[in-house]
1. Could you list, in sequence order, the residues of region 139-170 that are more than 15 Å from Arg253 (Cα to Cα), in contact with a helix residue (DSSP H, G or I) (Cβ under 9 Å, 6 or more places away or on another chain) and among the β-branched types (Val, Ile, Thr)?
2. For the condition among the acidic types (Asp, Glu) and within 16 Å of ligand 1 (Cβ to nearest atom), what is the one hit in Asp61, Asp71?
3. Check Thr205, Thr190, Thr186 and return the single one that is in contact with a Phe, Trp or Tyr (Cβ under 6 Å, 6 or more places away or on another chain), closer than 14 Å to Leu260 by Cα and at pLDDT 95 or above.
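The values are calculated or read from the model by the stated rules, or taken from the named source; none is laboratory data. Being a predicted model, the structure only gives us computed values, none of them experimental. In this analysis, Cβ positions are derived from the backbone assuming ideal geometry, glycine residues included, and neighbour counts consider all displayed protein chains.
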Amino acid sequence: MKILFIGDIFGRPGRTIVKDRLPELRKAHSPDLVIANCENAAAGFGITPPLAEELFDLGIDVMTTGNHVWDKREIIDYFQMADGNPHSPARRLLRPANLSPGLPGWGVYEGQKNSVAYAVLNLQGRVFMGSNDDPFRYVDRLLEQVKAKIVFVDFHAEATSEKVSFGWYLDGRATAVVGTHTHIPTADETVLPKGTAYITDVGMTGPYDSVIGVKKEQVIERFLSGMPARFESAIGDVRLCAVVVECNDQTGRASRIERLMVR
Ligand SMILES: [Fe+2]
Ligand SMILES: [Fe+2]
């Protein structure tokens, strides 16, 4: 199986470049499965049900999120729309699994593509992040329940040390561990010795003439003044950042990871 994973889609610029360039990425890489982190799809902050539908309509199979998942409250209703249908679009939108117990939504999706079973897991780190549960022990518990051999993990975290540790921790137990959240791609993509594809951060799909997606003047002003400020999506230098992971259908082991940046 070949999996295309698109990093944090930021605002309209991010959504537009996915719409414009996904067809040619499909042609060039023939992915069986397309996954994308969409926590910043709505002007940088969260995702709304219509935007989720818009992205699913582009042929994204599963979407992950992160700390921004609740920024648009309407997404709670969307999670509730899944209502017992294990494969509805609403069920294929994930939020980090290791948040407080009982919250709406799911952090794991198990499905099939071309008769091959796969699982997508979304977890969030703890270093410089919210007060979520320990992702290390939490992922152990999740993996006990997952039946698929192909297990794709979006680890939404800030600190490189926590992300690199998580990759090593899951080596041989996940097909891929890819980092999201920092919006800056790292050049450390590799297949770890026991067959887990790893990258510390896939990078943002959005405007790079910015501070991680936001108009740079607004962020600089906030650093200078310490005052709360309105943050708006930037527009310039839009790039799509992604990785392609290739793995064995029977064992789930990764054989290759390629980093992509499309302008
Ligand atoms: Fe993000
Ligand atoms: Fe984030």
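1. Val139 - this is the single residue of region 139-170 that is more than 15 Å from Arg253 (Cα to Cα), in contact with a helix residue (DSSP H, G or I) (Cβ under 9 Å, 6 or more places away or on another chain) and among the β-branched types (Val, Ile, Thr).
2. Asp71
3. Result of the check over Thr205, Thr190, Thr186: Thr190.
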